[in-house]
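The structure appears right after this line, and notes come after that.
The values are calculated or read from the model by the stated rules, or taken from the named source; none is laboratory data. All values derive from a computational prediction rather than experimental measurement. Quick reminder, even Gly has a Cβ in these numbers, built from the backbone with ideal geometry, and neighbours come from all protein chains shown. Please note that ligands, DNA and RNA were not included when accessible areas were found on the heavy atoms of the full protein model with its side chains. Shrake-Rupley method; radii C 1.70, N 1.55, O 1.52, S 1.80 Å.
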Amino acid sequence: MKKNKTMIIAFTAPAVLMFIIVFLYPICRTLAMSFFKIEGVTDDVSKWSFVGISNFIRLFQTKLFLTSMWNMFRIWLVGGILVMCLALLFAVIITSGIRFKSFFRAVIYMPNIVSAVALATMWLQYVYSPKFGLLKSVFATLHLDGLAKIQYLDTTNKFWALLFAYCFGMVGYHMLIFASGIERIGAEYYEAATLDGANKVRQFYYITLPLLKGVIKTNITMWSVSSVAFFVWSQLFSTVTADTATITPMVYMYLQIFGAGNSVTERNAGLGAAIGVLLSICVVIIFWVCNLALKDDDIEF
């Protein structure tokens with residue numbers, strides 16, 4: 001028994017040590033930093049200046065941060081509804097027995113294997129371009145001059161242009177998660193429902209959706225994490241200093257920690273840590289609400 005304990009400790013110690021160093025320590029340090037004013041993220045603890053909850057109060061009194069939170073909320077809610085609905089629709093179609101299923105699955109998922117930088121550049125240069133963009137050309141060909149003249153990259157329209165482009169690239173990822181869940185549902189359920197006279201819509205509502213509750217929770221959680229970590233697309237659709245049309249909390253955190261841009265004139269890693277804590281709380285709350293709203297303990301395959 002003693003030898004077994006020694007072996008268990010020997011094999012688990014590297015994993016536990018790595019977990020503490022890579023995961024647990026950064027979390028604890030970030031949480032502690034959120035209560036201090038710190039100029040540099042690597043500054044020694046002796047240089048930290050305790051400010052209590054002043055960082056959190058300051059954030060909620062800063063208009064730019066509130067704007068970034070509002071942008072993140074719109075990305076999560078509006079983009080989430082659009083992406084989840086399209087992803088579920090495509091997943092149902094692909095798993096319905098259509099021909100060339102693998103081809104369509106690959107085509108829909110393809111934007112996810114392209115670099116975010118390359119994908120955003122494509123939208124900026126070849127789709128939204130006011131001179132030779134795809135949208136301008138298509139609308140001009142259809143003689144829809146009003147739509148052809150829209151400046152999609154103006155401050156008024158830039159956020160929605162960004163959101164649509166981002167959603168285009170995310171549908172395939174969530175579609176695969178939905179498709180994997182649908183393929184786990186036994187065919188006998190649908191056969192029995194067909195014999196009972198249920199059409200495809202009723203089968204989807206009474207069989208597919210209830211048995212996908214766990215998958216839906218997973219997709220919502222993954223979408224929430226990606227929305228909270230929204231950074232690259234915001235930077236690419238904005239100037240180097242990030243304008244308020246597309247700014248998100250992650251961008252604002254970056255500006256605070258590194259003092260970049262004209263909108264932030266000081267470096268305060270403690271304020272950046274406070275932003276990270278708030279974003280983590282947002283994800284935990286969403287996960288908790290999903291667990292309460294989507295209970296699937298009584299459902300079996």
- Among residues other than Trp160 whose Cβ falls under 14 Å from its Cβ, what is the net charge (Lys/Arg +1, Asp/Glu -1)? +1
- Note on region 32-141: contact order normalised by length, alpha-carbon pairs under 8 Å, 6 or more apart, percent, works out to 10
- Query: Could you give P(r) for region 74-119, binned at 5 Å from zero, as whole percent values over all Cα-Cα pairs?
  - Reply: 5, 19, 19, 22, 20, 10, 4, 0
- Shape category assigned to region 8-47 from the gyration tensor of Cα positions, a/c cut at 1.5: prolate
- Message: Based on C-alpha coordinates, I'd like the Rg and Dmax of region 79-172, in Å.
- Response: 15.4, 44
- Message: Rounded, prolate or oblate for region 16-123? Axes are the square roots of the Cα gyration tensor eigenvalues, ordered a ≥ b ≥ c, and the cut-off for rounded is a/c under 1.5.
- Response: prolate
- Item | Under the Karplus curve 6.51 cos²θ - 1.76 cosθ + 1.60, θ = phi - 60°, whole-Hz ³J(HN,Hα) for region 178-189, x wherever Gly or Pro sits | 5, 4, 5, x, 5, 5, 7, 6, x, 5, 5, 5
- Expected field for Tyr254, accessible surface area in Å² at 1.4 Å probe radius, rounded to 10, holds 90
- Counting only the heavy atoms of the protein chains, how much of Asp196 is accessible to a 1.4 Å probe, in Å² to the nearest 10? 130
- Query: Could you give me the ³J(HN,Hα) list for region 79-85, computed from phi with Karplus coefficients 6.51, -1.76, 1.60 and θ = phi - 60°, whole Hz, x at Gly and Pro?
  - Reply: x, x, 4, 5, 5, 5, 5
- Item | Size of charge dipole - the chain - debye, nearest 20, with Cβ of Lys, Arg +1 and Asp, Glu -1, no other charges | 340
- Options Ala106, Asn157, Tyr205, ranked by Cα towards positive dipole end of region 83-206, top entry (Cβ charges): Asn157
- Item | q = 0.23 Å⁻¹, region 116-159: log10 I(q)/I(0) [Debye, one scatterer per Cα] | -0.75
- Task: Hey, can you grab everything whose amide H is under 5 Å from the amide H of Phe36? Only 5+ residues off in sequence or another chain; H modelled, so Pro and N-termini drop out.
- Result: Val51
- Only Cα pairs under 8 Å and at least 6 apart count here; give the relative contact order of the chain as a rounded whole percent. 28
- Task: For the chain, compute Rh as the Kirkwood radius over C-alpha pairs and then the Stokes-Einstein diffusion coefficient at 10 °C and 1.306 mPa s; write the answer in µm²/s, rounded to an integer.
- Result: 70
- How large is ³J(HN,Hα) for each residue in region 37-52, as worked out from phi by the Karplus curve 6.51 cos²θ - 1.76 cosθ + 1.60 (θ = phi - 60°), to whole Hz, x for Gly and Pro? 9, 10, 6, x, 5, 9, 4, 5, 4, 5, 8, 6, 10, 5, 10, x
- Task: Treating cross-link reach as a plain straight distance, find the lysines whose alpha-carbon is under 23 Å from the alpha-carbon of Lys101, omitting any fewer than eight places away in the same chain.
- Result: Lys200
- Burial order of peptide ranges 56-64, 174-182, 206-214, 10-18 (average beta-carbon count within 10 Å, highest first): 174-182, 206-214, 56-64, 10-18
- Task: Give me the percent of the accessible area of region 16-168 that comes from carbon and sulfur atoms, probe 1.4 Å, all protein chains in place.
- Result: 72
- Per-residue SASA entry for Glu188, accessible area with 1.4 Å probe, Å² rounded to 10: 110
- Query: In whole Å, what are the Cα extents of region 109-239 along the three principal axes, biggest one first?
  - Reply: 57, 37, 24
- Query: Mind checking the alpha-carbon convex hull of region 166-262 and giving the volume per residue in Å³?
  - Reply: 108
